[in-house]
Structures are given as C-alpha cells and as structure tokens.
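S.K.: One structure follows; several queries about it will come next.
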Amino acid sequence: MPYREVAETVGNRMIDILEELGRITGLAGAALRDIIRGKINAKLTLDQMVKIGVDSLPLALITAAFIGMVFAVQIASEFVRFGAGKFVGGVMSIAMARELGPAVTGIVVAARVAASITAEIGTMKVSEQVDALESLGASPIRYLVIPRLIATTLMLPLLTVLTIITGFFGGYLVAVTVSKINGVQYMETAQSLASLWDVYGGLIKTAVFGVIIAIISCYKGLTTRGGAKGVGESTTSSVVITLISLFIVNYFLSIIFFK
C-alpha cells in the first residue's frame, strides 16, 4: 500500500538521521576528549581563528549595522505613534543582545565558514590526504577538527560583541535622524531595560553555535565521497544542516536563558 511505503520511507529516513546524529556526537566527543588531554596545535588554531574570526568581521559588521537600522525603522515608527518613542533604545538593546546579534553572527559565520571548512576537508578526503595523515600516525581529529572547533567557539562570541554594538548604534543613528527620537532617552532606556545577563546569554548562545558549525562542517568534510561532485554535495548539505540546527538550538537556548 502507498501509505505503508511512505511510512517505511519516513521511518528509514528518521533512522538515517539518528545514526548520523550519533556519528556527529561521537566526533564531538572525540574532539572534546583530545582537547581535555591537551592535544592542541596552537599554530593551526591561531590560523583558523584568523580565517574564521578576523576574515568574517567585515561581513558580520555590515550585516549587523543594516539589521539594526531596519529593526529601528520598523519599531520606532510604531513606538512613536503610541507615544512610547523613548523605549526604542531599550527594545533595541535587548533585541540585539539576546537575538539579533547572536543570530546575525551565527548565520553569517555558518554561511561563510561551514562551506569553507567542508570544502577544504572534503577535498582533502577525496584526494586521500586524510588517509595519508592517518597512515603517518597523525590524527585527523587533532589536525583538522580541533583547531576549527576551538576557533569557532572562541571567535563567535567575540564577533557577537562587535555585532551587538554595531547593530545597536546603527539603530541609534536611524532612530535619532529618521524618527527624531531623543538620543539621550534612547541611551537611558537602553541602560535601564537591558541587563548584563542579556549580553552573557547571547554570548553563550554563540559559543554553542560555534561548536555546532565546526562539528557539522568537519563531519561533512570527513565523510565526503565521490570526487568533486561529492565535495559540492557535502558543502551544500553542511550549510543547510548547520543553519537549520542553529535555528532549532537558538529556540531552545532562548527558552532556557530568557523565558
């Protein structure tokens, strides 16, 4: 029956997803174990921090600035209409710290870095460079996964701090110049309504995002098969899965931190 075939297909697909999730978790556990044991290559890690953090900075800041400006345009007009224009700064600060800053950073880095990591490691896999590492007694996890995992986990929160500041002052610029909101009131309500936990919660979220981006992209790279076509498929799959994972995890972290 068609319904039975559909049910079997869905069931098999769910099993495949759970098996792949288990393998991803196993890779994360192996990387964490080696990190605890101190098997960290400092030079490779610093190189990845530059590629992932510094090279992503212009894109993240430009995106954050315009996200803050657009958000300010939307809320300022409504707040002014109801006589609550002075609260725009408070809403902007909370939104940027809790959601917009972490989300912008996670999405930008995932789109840029996940594809890069998967393509790089995937190319090494199909060209048998990963196998050569293993034959020489070197651990692919130590040389390929751990530097990228540490770099994303450390650099995303730093990028988030800058995106929060950029987005907030982008909103300030629009609120003051376009919506004619008092700049002093904008800053005062930002200080009174936002708390340090809003910022800390956002930074913790992006650290988790960094782990997700690194582990999924490295896993997809290490499991690449089929030459150049396989590299392209792994890269596309890596970006899609990473972005979906970020949105899902962001929801649950927001519930935990800011309910």
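We did not get these values from a lab; they are worked out from the coordinates using the rules stated. Quick caveat, the model's predicted, so the values are computed rather than measured. In this analysis, Cβ positions are derived from the backbone assuming ideal geometry, glycine residues included, and neighbour counts consider all displayed protein chains.
S.K.: Quick one: length gained pulling Leu154 to Ala138 fully straight, 0.36 nm per residue minus the C-alpha distance? List each step's numbers first, then the result.
M.R.: Details: separation 16, 0.36 × 16 = 5.76 nm, distance 2.47 nm.
Taking Leu154 through Ala138 to full extension adds about 3.3 nm, to one decimal.
S.K.: Let me ask you something else. Estimate the FRET efficiency between Val161 and Leu18 by the formula 1/(1 + (r/R0)^6), using the beta-carbon distance for r and 45 Å for R0, to the nearest 0.05. Write down the numbers at each step before the final one.
M.R.: Values: r = 36 Å, r/R0 = 0.80.
The calculated FRET efficiency here is 0.80.
S.K.: Taking the Cα centre of the chain as origin, work out the dipole magnitude from +1 charges on Lys and Arg Cβ and -1 charges on Asp and Glu Cβ, in debye rounded to 20.
M.R.: Charge dipole of the chain: 320 debye, to the nearest 20.
S.K.: Here's a follow-up. Excluding residues on the same chain fewer than 8 positions from Lys220, give the lysines whose Cα lies under 27 Å from its Cα.
M.R.: Within the straight-line cut-off, Lys220 pairs with Lys39, Lys43, Lys51, Lys125, Lys205, Lys229.
S.K.: Name the residue, out of Glu188, Glu19, Glu99, whose mean-square fluctuation peaks in a Gaussian network model built on the chain with Cα pairs under 10 Å.
M.R.: Most flexible of the set in this elastic network: Glu19.
S.K.: Net charge around Leu59, counting only other residues with Cβ within less than 15 Å of its Cβ (Lys, Arg = +1; Asp, Glu = -1)?
M.R.: Surrounding charge for Leu59 is +1.
S.K.: In the range 42-258, with Lys and Arg counted as +1 and Asp and Glu as -1 at Cβ, which of these residues, Gly106, Leu149, Gly122, has the Cα nearest the positive end of the dipole, that is, farthest along it?
M.R.: Going by the Cα projections, it comes out as Gly106.
S.K.: If I build a Gaussian network model for the chain, linking alpha-carbon pairs within less than 10 angstrom, which residue out of Tyr200, Tyr172, Tyr219 has the largest mean-square fluctuation?
M.R.: Tyr200
S.K.: I need the helices of the chain that pass two filters: whole DSSP H segments spanning 24 Å or more by Cα along the axis, and mean Kyte-Doolittle score no lower than 0.0.
M.R.: Working: long enough: 2-36 (51 Å, 0.19); 57-81 (36 Å, 1.67); 146-177 (46 Å, 1.68); 196-222 (39 Å, 1.39); 227-258 (45 Å, 1.38).
Passing helices, by number: 2-36, 57-81, 146-177, 196-222, 227-258.
S.K.: Same structure, new question: Quick one, which of (1) 153; (2) 167; (3) 128 is the actual volume of the Cα convex hull per residue in Å³ calculated for this model?
M.R.: Structure-derived value, by its label: (2).
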